[in-house]
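Everything on this sheet refers to the single structure shown next.
The values are calculated or read from the model by the stated rules, or taken from the named source; none is laboratory data. Just so it is clear, the structure is predicted and the values come from calculations on it, not from any experiment. As a convention, Cβ positions derive from the backbone with ideal geometry for all residues, glycine included, and neighbour counts pool all protein chains shown.
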Amino acid sequence: MSFFNKIFVGSLLLIVGFSTVSLADESAKLVVEGQPMITRVKAPSHMENVDEIRSGWTFRIKETQSLQMDDFENPGMIFVDKGLDLWNKVEGSKNKACASCHDDASEFKGLRTVMPRWNESASALWSLEDHVNNCRTEQMGAEPLKWGAAPMDSLIAVISLQSRGMPMNVKIDGAVAPLWEIGKELFYTRVGQLDMACSNCHEDNYGIMIRADHLSQGQINGFPAYRLKNAKLNSIHARFKGCMKNIRATPYKVGGDEFRALELYVASRGNGLSSEAPSVRN
């Protein structure tokens, strides 16, 4: 363990006093608008060090948990409404909106659960953001949206909502297999001044209290997620970027190859959990 890591861990122990006492109601069941969600399930076979995977919802305090159980109370639904406005907005040289071709977003039911995935025509690993921008540039003649910006995240929330309650089922074989291995390596590689890896928090120490919050398993089945910390919808890559900053590492590019590979690996760690977006997190 590096000097910086020792200092960091030592500080944590002073702050939390080795506390693993949960402030969340771990026996609670997540039911959203009458639809039960799978928040705990046997880990996928490709996970070597964890027996059970858990949604980030199970680590939240009761008040935060309750926000996600009611769409009227869920602040993330405000961004869904904004996304629907964008869905119907005519833009670009072809005078089209998303609704011009797709009409109802419900036709994308199930898409969120298999993303990211390999796109044969592009010969590349695609995230949902790629689908959005491809439609905008090719079908609408409009400018692509910036990854992690509110308009993009709002549209992603609309699309993701259609899959709510369906189990995550991200493929890791075939053309994506080498990229999955890269993502796995990134997950376990120590970086930054604190010399830490994703796994140090989200595999080795999940459930421990840190800064008045629980460390979760880092599952992304609930993204885009509304975070109480910054009062906005947060994308997957934005959360990766924030984590890297927390360990004083230089973040990879949002939408870049590293974060795409990491998204693939982390998403696959949640296979079997329900898609929850837009979820509510601290």
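Checked against the criterion of being in contact with a Lys or Arg (Cβ under 7 Å, 6 or more places away or on another chain) and either within 30 Å of Glu138 (Cα to Cα) or not assigned by TED's automatic domain parsing to the domain that holds Gly270 (or both), region 40-54 has no qualifying residue.
Conditions (1) out of contact with any Ser or Thr (no Cβ under 6 Å at 6 or more places or on another chain); (2) among the hydroxyl-bearing types (Ser, Thr, Tyr); (3) more than 30 Å from Lys29 (Cα to Cα); (4) not assigned by TED's automatic domain parsing to the domain that holds Leu111, marked per residue:
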site	(1), (2), (3), (4)
Ile172	no, no, no, yes
Val176	yes, no, yes, yes
Ile182	yes, no, yes, yes
Glu185	yes, no, yes, yes
Gly192	yes, no, yes, yes
Ala197	no, no, yes, yes
His202	yes, no, no, yes
Asn205	yes, no, no, yes
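Looking only at residues in region 237-266 that are closer than 21 Å to Pro75 by Cα and out of contact with any strand residue (DSSP E or B) (no Cβ under 9 Å at 6 or more places or on another chain), the one that is surrounded by the fewest Cβ atoms within 10 Å (Cβ to Cβ) is Ala238. Of the residues making up region 132-152, those that are assigned to a helix (DSSP H, G or I), under 17 Å from the mean Cα position of the chain (by Cα) and over 15 Å from Lys89 (Cβ atoms) number 0. Do we find that Ser199 is buried (at least 19 other Cβ atoms within 10 Å of the Cβ) and either closer than 27 Å to Val132 by Cβ or in contact with a Phe, Trp or Tyr (Cβ under 9 Å, 6 or more places away or on another chain) (or both) in this structure? No.
Could you look through region 208-262, keep only residues that are without any contact (Cβ under 8 Å) to a residue 40 or more places away in the chain and of a type in the set (A, V, I, L, M, F, W, C), and pick out the one that is nearest to Val41 (Cα to Cα)? Looking at residues that are without any contact (Cβ under 8 Å) to a residue 40 or more places away in the chain and of a type in the set (A, V, I, L, M, F, W, C), I get Phe240. The residues of region 1-31 that are under 27 Å from Arg248 (Cα atoms), of a type in the set (A, V, I, L, M) and at pLDDT 50 or above amount to a single one, Met1. Reported count of residues in region 32-48, each being surrounded by 13 or more Cβ atoms within 10 Å (Cβ to Cβ) and either at pLDDT below 50 or part of a strand (DSSP E or B) (or both), is 3.
None of Ser163, Ser123 is among the hydroxyl-bearing types (Ser, Thr, Tyr) and surrounded by fewer than 17 Cβ atoms within 10 Å (Cβ to Cβ) except Ser123. Of the helices (runs of 4 or more DSSP H) contained entirely in region 169-282, those carrying at least 2 residues that are among the aromatic types (Phe, Trp, Tyr) fall at 177-188, 257-268. Here is the figure for region 49-65: residues that are out of contact with any strand residue (DSSP E or B) (no Cβ under 9 Å at 6 or more places or on another chain) and surrounded by 12 or more Cβ atoms within 10 Å (Cβ to Cβ) total 1.
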